[in-house]
Amino acid sequence: MNKIIFFTLLLTTQLLHSQTNKYKEVLTYYNIHKNFNGVVLAATDGQIDYLDAIGVSNRQSGTNINTKTKFKIASITKTFTAVLILQLYEQGLVDLNTPFGKYFPTYKGEAKNKVTIEQLLTYSSGIPNEAEKLKMKSYQIPVTIDEYIDKYCSSKLEAIPGTQSNYSNTDYIILHKIIELVTGKTYSSVLQEKILTPLQMENTNLLNSKDIIQGLTSSYTMIDSTQVIQSDEPYFIENFFGAGAMYSTVEDLLKFNNGIFSYRLLNKSNTALMIQPNKKLNDVAFGVWYAGGYGIFSKPFIYRTGGILGSTGNWIHSIEDKKTFIVLSNTNATNLYELSEQLYLVSTDQNSTIPKVDTIAKTTDFDLNKIKGTWIIDLKPDPTSEPYLKDFIISPIKDNSFGGEFYGTLFDNGVFNKDWEYLYFAFKTGDLDNEYYHAGFIDGEKITGISYSSQRKFTSYWTGTKKTN
């Protein structure tokens with residue numbers, strides 16, 4: 001085996017594991033000390049660097065959150081609505097500077113011929129948020145979107161349109177209705193056709209309270225005065241419409257992120273228009289906010305938060321270094337922006353600023369007989385692909401050497417290194433035309449690896465778990 005390649009791959013896996021450990025320390029700290037229950041994802045240029053889950057999904061049954069858990073994403077929904085509106089703009093079907101009454105002629109409020117589509121997108125319509133005055137009461141009786149708009153989104157203007165941005169659901173519920181009127185289709189079908197299907201977002205959709213969604217987590221509210229976590233009070237999620245009624249996973253939201261910044265959803269100029277900050281309106285953009293840098297995030301980024309009682313989320317995309325952080329939780333107990341800052345520090349090879357905690361389980365049992373057997377590894381070519389599962393068989397072990405089968409190819413040149421904190425390994429496979437070098441480490445029931453071929457000019461990362469009988 002080529003020793004240079006062997007040690008290069010081994011060093012790569014060490015560095016990968018060191019960074020993984022730092023991410024894990026952040027996640028563990030926020031779970032133990034900040035009541036975080038949820039999933040975190042960190043990515044660079046659209047590729048996942050770290051994906052992990054921690055905490056309880058359903059406190060009655062005791063089931064745990066995993067990386068595939070679905071969450072109510074609350075106001076992150078607004079970004080989808082903004083993209084759908086901008087797609088209509090790109091097609092010449094709406095004009096951002098035209099009063100929205102042109103597209104919604106049955107609207108009964110004063111704003112009909114005074115407020116533009118752009119002002120709805122930037123929460124600067126001046127339409128008062130009547131529902132907010134009632135707190136959750138407007139969401140506790142199911143109503144149609146027309147009934148909701150007539151009752152809560154049609155009052156006399158309380159500010160001159162375009163002069164101040166007052167965040168509310170009102171403007172985006174009206175945008176939801178406009179999407180349906182312009183297309184002649186339901187919001188849900190347009191969402192599916194224009195975003196979810198093209199990006200293969202199979203774990204995302206508009207939610208109705210009657211729906212049974214497999215893998216959708218329950219959500220819980222922490223009472224500030226007592227620090228007691230209790231079940232969310234009941235409400236009809238569908239009453240949030242295009243302002244907050246969707247569910248998703250962190251991996252699907254990364255697909256959405258990548259679809260935006262690879263110009264698959266909008267062309268380059270309209271993508272730039274979407275994230276351009278309005279300096280007169282506190283840097284609000286369309287469906288997101290823009291920041292030139294804030295706190296630990298020293299470079300420009302866009303961000304989108306979401307929160308309905310215990311369902312909370314935070315999505316940040318750092319524009320210059322193409323770092324993306326998506327955090328979803330089923331409680332309101334944790335400052336998710338603060339957690340995202342710590343993930344950013346680790347992602348940029350800095351040390352997190354959390355207190356040191358000695359809570360990460362370490363693999364110290366190097367009984368190689370326990371390593372023998374079949375490991376199920378995921379060789380998907382990129383994070384947005386469907387799982388591509390293959391067997392990695394580790395068979396007879398003698399001293400520090402082993403053989404086995406990888407991706408259907410037999411080998412007998414494997415070697416373990418037990419001198420470090422984790423169990424590292426390397427081996428080589430090949431065919432008539434190509435050689436493949438593989439290295440990685442084993443941490444308990446998890447395996448992480450990297451494969452390299454100079455002839456085929458590729459490097460791929462993979463993960464897996466031990467197959468149980």
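Structure summary
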{"item": "Cα long-axis angle, helix 3-34 against the chain (0 to 90 degrees, to the nearest 10)", "result": "50"}
{"item": "Global form of region 89-184, assessed from the alpha-carbon gyration tensor, a/c cut-off 1.5", "result": "oblate"}
{"item": "Cα-based equivalent ellipsoid, the chain: semi-axes from gyration tensor eigenvalues, Å", "result": "46, 24, 20"}
{"item": "Karplus-derived 3J(HN,Hα), 6.51/-1.76/1.60, for each residue of region 438-451, Hz, glycine and proline x", "result": "10, 8, x, 9, 10, 10, x, 9, 10, 10, 10, x, 9, 10"}
{"item": "Rel. contact order, % - alpha carbon contacts under 8 angstrom, at least six apart, the chain", "result": "18"}
{"item": "Charge context of residue 91, other residues only, Cβ under 14 angstrom, K/R +1, D/E -1", "result": "-1"}
{"item": "In sequence order, calculated HN-Hα J values of region 241-257 (Karplus, 6.51, -1.76, 1.60; Hz; x Gly/Pro)", "result": "6, x, 9, x, 9, 9, 10, 6, 10, 5, 5, 5, 5, 5, 4, 5, 3"}
{"item": "Average Cα contact separation per residue, region 98-166, under 8 Å, 6 or more apart, as relative contact order %", "result": "42"}
{"item": "Cβ crowding within 10 Å averaged over residues, with 230-238, 250-258 ranked highest first", "result": "250-258, 230-238"}
{"item": "Acute angle (nearest 10 degrees) that the helix 170-183 long axis makes with the longest principal axis of the chain, alpha-carbon atoms", "result": "90"}
{"item": "Theoretical ellipticity at 222 nm over the chain - DSSP helices of four or more residues, -39500 (n - 2.57) apiece, nearest 500", "result": "-7500 deg cm²/dmol"}
{"item": "Acute angle (nearest 10 degrees) that the helix 336-347 long axis makes with the longest principal axis of the chain, alpha-carbon atoms", "result": "40"}
{"item": "Separation between Cα centres of region 84-155 and region 226-283, rounded to whole Å", "result": "18"}
{"item": "Net lengthening on full extension, residue 322/residue 418 (0.36 nm per residue, minus Cα-Cα)", "result": "30.9 nm"}
{"item": "DSSP-defined antiparallel bridges as percent of all bridges, region 71-347, nearest 5", "result": "95"}
{"item": "DSSP-assigned coil residues among GluC sites (Glu not before Pro) in region 73-143, each with at most 13 further Cβ atoms within 10 Å", "result": "none"}
{"item": "Cβ-defined net charge surrounding residue 244, 14 Å radius [Lys, Arg +1; Asp, Glu -1]", "result": "-1"}
{"item": "Spacing of the two label points (7 Å from each Cα toward its C-beta) at residue 197 and residue 400, in nm", "result": "5.6"}
{"item": "Rounded, prolate or oblate (a/c below 1.5 giving rounded, otherwise prolate when a/b exceeds b/c) for region 256-301 by Cα gyration tensor", "result": "oblate"}
{"item": "Net charge of Cβ neighbours under 10 Å - reference residue 67; Lys, Arg +1; Asp, Glu -1", "result": "-1"}
{"item": "Rounded if a/c under 1.5, otherwise prolate or oblate - region 71-347, Cα gyration tensor axes", "result": "rounded"}
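The numbers here are math on the coordinates, done by the rules we state, and not lab data. Please read these numbers as outputs of a predicted model, since none were measured by experiment. Because the Cβ atoms are built from the backbone with ideal geometry, glycine has one as well, and the counts that use them run over all protein chains shown.
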